[in-house]
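These notes are about the structure you will find just below.
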Amino acid sequence: MRSSRDPFEVVRTLGLTLPDVEAAIKYDGSPVLKAGGCFMAGLAGHASAEPGSLVVRSRLEERASLLEDAPETYYVTDYYERHPVVLVRLDRIDASSLRDLLSASRRLTMEKARRSRSVPQHRAHDEAHDPAGED
């Protein structure tokens, strides 16, 4: 995808077409998408990520397939490896693939949001926070 002034613009535009997705701003001022109040996608903020990379939720098995099938587009660093996420080089993904990726991330996020609502209140905050530090 061609980069624009705001690398998150296309992500935001596509993501907001999905049900129950909202745009938000992280504590550090960077844009994210949330579904059910939980992190769904955002610009990767850790120093190990390449500039212009998106981080999205992904099942570990799906991540392995993405990494094998398109390593020029998808990657993971040591920092993110332990979390169920994949990094995406935004300048290497087309809009259709990005929409599919965001849809899958939304489904996973909504599952997490439902689980978070079903735990006792004192644990809900801890589980709603994204372990990758992107929430």
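For the reader, a short list of remarks on this structure follows.
- Residues of the range 55-69 classified as surrounded by fewer than 16 Cβ atoms within 10 Å (Cβ to Cβ), more than 15 Å from the chain's Cα centre (by Cα) and hydrophobic (A, V, I, L, M, F, W, C), total: 1
- Identity of the residue in the range 70-96, hydroxyl-bearing (Ser, Thr, Tyr) and more than 15 Å from residue 42 (Cβ to Cβ), that ends up surrounded by the most Cβ atoms within 10 Å (Cβ to Cβ): 74
- Hits in the range 8-26 (condition: crowded, with 18+ Cβ neighbours inside 10 Å and part of a strand (DSSP E or B)): 21
- Qualifying residue in the range 47-54 (condition: closer than 14 Å to residue 93 by Cα and surrounded by fewer than 18 Cβ atoms within 10 Å (Cβ to Cβ)): yes
- Selected residue (only one of 108, 66 is within 25 Å of residue 36 (Cβ to Cβ), in contact (Cβ under 8 Å) with a residue 40 or more places away in the chain and aliphatic (A, V, I, L, M)): 108
- Apart from one condition, residue 42 fits all of (1) under 21 Å from residue 10 (Cα atoms); (2) small (Gly, Ala, Ser); (3) free of Cβ contacts under 8 Å to residues at least 24 places away in the same chain; the exception is (3).
A short reminder: the numbers here are calculations on the coordinates, not readings from a lab. Fair warning: this is a prediction, and the values are worked out from it, not measured in the lab. Methodologically, a virtual Cβ is constructed for each residue, glycine included, from the backbone with ideal geometry; neighbour enumeration extends over all protein chains shown.
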